[in-house]
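The values are calculated or read from the model by the stated rules, or taken from the named source; none is laboratory data. Every value quoted in this text rests on a predicted model; they were computed, and no experiment measured them. Note: ideal-geometry Cβ built from the backbone for every residue, glycine included; neighbour counts use all protein chains shown.
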Amino acid sequence: MVRKVENSELLTQLDERLRKLEEEVSHIKKTFLAPLERKSSKVPAASFLGFYIPSDISPDEPLPQMAFYTPILLTLLEKGGEVETKELMQGVLEKIRPYMCKADFDLYFPKGSKNGLPYWVLRVYLCKAALARRGYLSKDAPRGVWKLSPFGRLQAQALKKIAGGSGVYPKQENLLLQRKGAEKKMSKLKKASDKKTNDKKASDKKANDKKANDKKANDKKANDKKANDKKANDKKANDKKANDKKANDKKANDKKANDKKANDKKANDN
């Protein structure tokens, strides 16, 4: 019976995952395939734009790649449709910076490279290839230049009507603004963690210093005792030597006196 219940729960979980995958595939088709299949020159409808922030994003994780599509296209539109990478990065950062957290600025080191890139910069570079593949960017632009395609310009114009100048959907601003609160909270937690670490470091240093001082005091005490013992032993040895000399001198004098007395008696007898 227990095994049947476990199997039933597993099937339910698999059905749920399959449903989410189908929704994701459907969203991708609406976002990227439908615009390319349209032959109309009208401004694309908002229903298939799909440049959004997932609602389940954690406040302390980097923004996903899709978060940068809208700021990129709007920045290009504002700059006349063609701009160099450095200028584009500045424009994108101005739009999306209020919604970033610390993790967006952590460095990513490509394999075999010693030069790290902030995660948000890496995301923007990845967006360029993705947008070009889907027809939003012109593929004949010179190296280091971003250029809107005719279709990309229409898409950007539609996005501007929805997002305005902020570069994000108005309906998602509350979600993204939560990340600012999370960043402040993380900063506060980091400050507390740093204080705890510094306090522990100071406590450890104090304990180590005390241990070192105690060892130094014990070593001095041991050395003093050793010196005093040596001094006492030296005094004892010297005293013994002096006493032995005194005894030997007395013995020699006694012998000398006895010899003299014997000689005097012998002389008297003669």
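Quick notes
- Residue check for LYS250: surrounded by 10 or more Cβ atoms within 10 Å (Cβ to Cβ), out of contact with any Leu (no Cβ under 7 Å at 6 or more places or on another chain) and under 30 Å from ALA103 (Cβ atoms): no
- Selection of segment 104-153 for residues being over 26 Å from ASP60 (Cβ atoms) and under 32 Å from the mean Cα position of the chain (by Cα) yields GLY112, LYS114, LYS128, ALA129, LEU131, GLY144.
- Residue match in segment 206-224 (condition: assigned to a helix (DSSP H, G or I), surrounded by 10 or more Cβ atoms within 10 Å (Cβ to Cβ), over 47 Å from the mean Cα position of the chain (by Cα) and charged (D, E, K, R)): yes
- The residues listed here are GLU82, GLU37, GLU94, GLU61; of these, the one that is at negative phi and either at pLDDT 90 or above or touching a Phe, Trp or Tyr at 6+ places or on another chain (Cβ under 7 Å) (or both) is GLU82.
- Residue list for segment 119-143, filter: exposed (fewer than 15 other Cβ atoms within 10 Å of the Cβ) and in contact (Cβ under 8 Å) with a residue 60 or more places away in the chain: LEU126
- Residue check for LEU137: in contact with a strand residue (DSSP E or B) (Cβ under 9 Å, 6 or more places away or on another chain) and of a type outside the set (S, T, N, Q): yes
- Selection of segment 138-161 for residues being of a type in the set (A, V, I, L, M), out of contact with any Gly (no Cβ under 6 Å at 6 or more places or on another chain) and assigned to a strand (DSSP E or B) yields only VAL145.
- The sole residue among LEU137, LEU117, LEU107 that is assigned by TED's automatic domain parsing to the domain that holds ALA156, of a type outside the set (Phe, Trp, Tyr) and touching a helix residue (DSSP H, G or I) at 6+ places or on another chain (Cβ under 7 Å) is LEU137.
- Looking across LYS185, LYS171, LYS196, one residue alone is modelled with pLDDT of 60 or more, surrounded by fewer than 17 Cβ atoms within 10 Å (Cβ to Cβ) and farther than 16 Å from LEU76 by Cα. It is LYS196.
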